[in-house]
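Novice: Below is the structure I would like to discuss, written out as structure tokens.
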Amino acid sequence: MSSNKTIYQPNPEFAENAAIKSMDAYWALQNKAIEDYEGFWKTFADEKINWLAPYDQVLDESDAPFYKWFTNGKLNVSNQCIDRHLADKAEKTAILFEGDRGDVEHITYAQLSLRVNKMANLLRNEFGVLKGDRVVLYMPMIPEAAYAMLACARIGAIHSIVFGGFSAEALKDRIEDAEAKIVITADGAFRKGKPYMLKHVVDTALSEGGKSVEAVLVVKRNNEEVEWVEGRDHNYNELIVEQPAECPFELMDSEDPLFLLYTSGSTGKPKGVQHTNAGYILWAQMTMEWVFDVKGDDVFWCTADIGWITGHTYIVYGPLAAGTTTLMFEGVPTYPDAGRAWKMVQDHKITQFYTAPTAIRVLHKMGENEPEKYDLSSLKVLGTVGEPIDPPAWIWYYEAVGNSKCAIVDTWWQTETGGHIISPLPGATPIKPGCATLALPGIMTEILSLEGETKEVGEKGLLCITKPWPSMIRTIWGNPDRYISAYFGDVAKDGKPVYFSGDGAVLDEDGYITIVGRVDDVINVSGHRLGTAEIEAAVAKDNSVSEVAVVGRPHDIKGESIFIYIVLKEGHINTDIKNHINTLLGEEIGNIAKADHIIEVPGLPKTRSGKIMRRILRSIAKGEEITQDISTLEDPSIVEDIITKAREA
Ligand code: PRX
């Protein structure tokens, strides 16, 4: 086993043909961006985007932090992802679908075009969905989800995908916040060999609210019986047949919204992160080419769900904009056994494999020697995203999966950044396990203090992006003030507010960036981002609960798990508090919000001004010694009581 101090040099054979072949090439690009930021972006926007009308300004900062890119340019993202490839790639597989039960479908660019055009016609002509309307997708991992996204992009509707693991309540909130006109869903799909259902969640959500919704379009996937609301529900499979094969696309402005995606923050309800057409698609495509180095007949597999930003950018938009073949998988990589993912790599000759550290840890634990049983020689680049990766998992991934010849791109980014921000380049960057390395060319990151001072090497600080970039969040849907306060309210450098990510990071002597995790009240469970405030609000709905505090606790597989402290109201006794509260969390948010630990405590550690001392609760959850001064607490003795309860848990 290699030591985690080892530096892993790029594979020279790979580097020879890579898009960025060396650190000199990296620095040439990055220096160009430093010297002439707008010129840098102009070069790529002109080269990559199929402009339907030219833009007149690269970057408009006049209304900062509401930055605008490629102002007044016109394009269409479905043209960028489909139509422009038809001349030379019509028969190339665009989407390679593998179902949970092993069913495989190759969807060519020509077929994708036909299906997206028909779906766009269906939305526009049958349901009156027009430019700017919001369409909520509550979909399993089936090709129709991608058709729906691209159909929205074609007619200028704004999609908002809600991850299929979210509850009816969470779905309803998102439908209402976006005032969606239509919901697209499926009866259900298959998982671990069995049908599972989705449509009833939409039914529940709409029975409780979501009055803006005029229609529900239902794709039949598992053909299980579902309830049907006459007049509201429509069968996609029947209606699509009659749709005309061509749907002229809408001319979209660079800055028109492309989609909303709700994500958790440190306060309040999840926020609708708004992305635009031009800047987003440009960076989605560029990072496919630079970070994953896709080319020729590569077959790219990102294991995320389309309900997360990773699925948006690296299952659908990025790969298709780059004209590559993207694999979409309905099932889970551990079913029917821990070799499923590796069998799929072998069967489809996957060239780039992109997954989360949690999945790597599970695959490692369940089948350390499983990769040996398959021919994984097609792999060129391995990727990871969503949480810090620990060196042992990294090394197993590198050696057992990548046969010590594939670079691992540890990509740091966020829903708000649209695409990768910090990552190694597989043909150029010498890699240190567990380290995201350097900002990509064109991206300016700095590790700062709250006062905007640059942190020294080895000193933890706040990970900031100090210049606007094309694929950045533009605003929070319906709440521009929250956009400013959430991202530009904490750190200012030289008097100018800069984007603060919510993550902590540290620079090493080589200028490499290591991410240390969130420094705000956001928990990252298996790469799923959850706000403690959101979980606390859900728990507080229980009428036996007087007070609640939620913290994260390190977890071997999931990265972090949820730890909840509850104070019950006087006179309330709950003998099965864990099940009780987890059922509530399942209903209010979804199963991803269920806690590993829920303990009842007599009180919470508070300062005399009533502020909950979360640092103490975090330390207790971790089983750490309490080193903080607790003498300033309103009732210092409470800490001992909580520690005793936590030990018993
Ligand atoms: O804390 C960081 C972590 O995931 C957060 C973003 O979550 P989300 O918006 O759901 O997007 C996840 C997929 C892009 C970040 O603030 N994170 C993401 N990638 C990494 C990471 N932490 C460490 N290393 C990474 N490579």
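The values are calculated or read from the model by the stated rules, or taken from the named source; none is laboratory data. Everything numeric in this text was worked out from a predicted model, so none of it was measured. So basically every Cβ, Gly included, is an ideal-geometry build from the backbone, and we count neighbours across all protein chains shown. Surface accessibility is based on the protein's heavy atoms, side chains included, excluding ligands, DNA and RNA. Shrake-Rupley method; radii C 1.70, N 1.55, O 1.52, S 1.80 Å.
Novice: Pairs of Cα atoms under 8 Å, at least six residues apart: use those to get the relative contact order of the stretch 445-518, whole percent.
Specialist: Result for the stretch 445-518 is 35 percent.
Novice: Expressed as a whole percentage, what fraction of the accessible surface of the chain belongs to carbon and sulfur atoms when a 1.4 Å probe is rolled over the protein heavy atoms?
Specialist: Taking all protein chains in place, the chain shows 48 percent carbon and sulfur surface.
Novice: Now a separate question. Place +1 on the Cβ of every Lys and Arg and -1 on the Cβ of every Asp and Glu in the stretch 256-299, take the dipole about the Cα centre, and give the residue among Thr287, His275, Gly265 whose Cα lies farthest towards its positive end.
Specialist: My answer, from the dipole projection, is Gly265.
Novice: Search the structure for amide H atoms under 5 Å from the amide H of Lys606, placed 1.01 Å from N in the peptide plane, and list their residues when 5 or more places away or on another chain.
Specialist: For Lys606, whose amide H was placed from the backbone, the distant partners under 5 Å are Met613, Glu634, Asp635.
Novice: What does the accessible area per residue of the chain come to in Å², with a 1.4 Å probe and no ligands, DNA or RNA counted?
Specialist: Dividing the accessible area of the chain by its residue count gives 38 Å².
Novice: Residues in the stretch 157-192 near a label at Trp228, defined as backbone nitrogen under 20 Å from the 7 Å Cα→Cβ point?
Specialist: Counting only backbone N, you get 183-189.
Novice: From the backbone phi of the stretch 472-479, what are the Karplus-calculated ³J(HN,Hα) couplings (6.51 cos²θ - 1.76 cosθ + 1.60, θ = phi - 60°) in whole Hz, Gly and Pro given as x?
Specialist: Listing the rounded values in order: 6, 3, 9, 6, 9, 3, x, 8 Hz.
Novice: Near the amide H of Ile598, under 5 Å away, which other amide H atoms are found, from residues 5 or more places off or on another chain, if H is placed in the peptide plane?
Specialist: Close amide H contacts, sequence-distant or interchain: Ile564.
Novice: With runs of 4+ DSSP H residues as the only contributors, calculate the mean residue ellipticity of the chain at 222 nm using -39,500 (n - 2.57) per run, divided by the residue total and rounded to the nearest 500.
Specialist: Roughly -8000 deg cm²/dmol at 222 nm, from the helical runs in the chain.
Novice: Here's another thing I want to ask about it. Once phi is turned into ³J(HN,Hα) by the Karplus curve 6.51 cos²θ - 1.76 cosθ + 1.60 with θ = phi - 60°, what whole-Hz value does each residue of the stretch 25-36 show in order, with x for glycine and proline?
Specialist: Per-residue couplings from phi come out as 5, 4, 5, 4, 5, 5, 5, 4, 5, 5, 6, 9 Hz.
Novice: How large is ³J(HN,Hα), in whole Hz, for each residue of the stretch 534-551 in order, when computed from phi with the Karplus curve 6.51 cos²θ - 1.76 cosθ + 1.60 and θ = phi - 60°, using x for Gly and Pro?
Specialist: 5, 5, 4, 4, 5, 5, 5, 5, 6, 7, 8, 8, 8, 9, 8, 9, 10, 9
Novice: Taking a temperature of 4 °C and a viscosity of 1.567 mPa s, what whole-number D in µm²/s does Stokes-Einstein yield for the stretch 445-518 with Rh from Kirkwood over alpha carbon pairs?
Specialist: Reported coefficient: 101 µm²/s.
Novice: Can you tell me which of 367-376, 75-84 comes out highest on packing, and rank the rest after it, using the mean Cβ neighbours within 10 Å?
Specialist: Peptide ranking by packing, descending: 75-84, 367-376.
Novice: Ranked highest first by the average count of other Cβ atoms within 10 Å around their residues, in what order do 490-498, 580-588, 107-115, 143-151 fall?
Specialist: With the highest mean Cβ count within 10 Å placed first, the list reads 143-151, 107-115, 580-588, 490-498.
Novice: Remind me, relative contact order of the stretch 524-648 in percent, using alpha carbon pairs under 8 angstrom and six or more residues apart?
Specialist: 23
Novice: Given points 7 Å out from each Cα along the Cα-Cβ axis, report the Trp51 to Lys541 separation in nanometres with one decimal.
Specialist: 4.9
Novice: Suppose each label sits 7 Å from its Cα in the direction of the beta carbon; what would the Ile7-Ile557 distance come out to in nanometres?
Specialist: My value for the distance between the label points is 3.7 nm.
Novice: Cα-based Rg of the stretch 36-331 per 2.2 N^0.38 Å, rounded to two decimals?
Specialist: 0.97
Novice: Which entries of Lys541/Lys645; Lys455/Lys594; Lys68/Lys89; Lys295/Lys365; Lys269/Lys594 have Cα-Cα distances beyond 25 Å here?
Specialist: Check vs 25 Å cut-off fails for Lys455/Lys594; Lys68/Lys89; Lys295/Lys365.
Novice: Within 10 Å, count the other beta carbons around each residue, average over each peptide in 443-454, 347-358, and list them highest first.
Specialist: Going from most to least packed, we get 347-358, 443-454.
Novice: Expressed as a rounded percentage, what relative contact order does the chain have, with Cα pairs under 8 Å and six or more residues apart?
Specialist: Across the chain, relative contact order equals 13 percent.
Novice: Taking N as the number of residues in the stretch 237-284, what is its Cα Rg relative to 2.2 N^0.38 Å?
Specialist: Against the compact-globule rule of thumb, the ratio is 1.71.
Novice: Hey, if you drop one equal point scatterer on each alpha-carbon of the stretch 524-648 and run the Debye formula without solvent, what base-10 log of I(q)/I(0) do you get at q = 0.13, 0.20, 0.21 Å⁻¹?
Specialist: One equal scatterer on each Cα of the stretch 524-648 leads to -0.50, -1.19, -1.29.
Novice: How large is the convex hull of the C-alpha atoms of the chain per residue, in Å³?
Specialist: In the chain, the Cα convex hull volume per residue is 161 Å³.
Novice: Separation between the Asn235 and Ser637 pseudo-spin-labels, each 7 Å from Cα along Cα→Cβ, expressed in nm?
Specialist: Calculated label separation equals 7.0 nm.
Novice: Enumerate the amide H contacts of Lys493 below 5 Å, restricted to partners 5 or more residues apart or on another chain; note that Pro and chain-start residues carry no placed amide H.
Specialist: When sequence neighbours closer than 5 places are left aside, the close amide H contacts are Val498.
Novice: Hey, which of these cross-link pairs are over 30 Å Cα-Cα: Lys373/Lys578; Lys211/Lys569; Lys92/Lys343?
Specialist: Where the Cα-Cα span goes over 30 Å, the pairs concerned are Lys373/Lys578; Lys211/Lys569.
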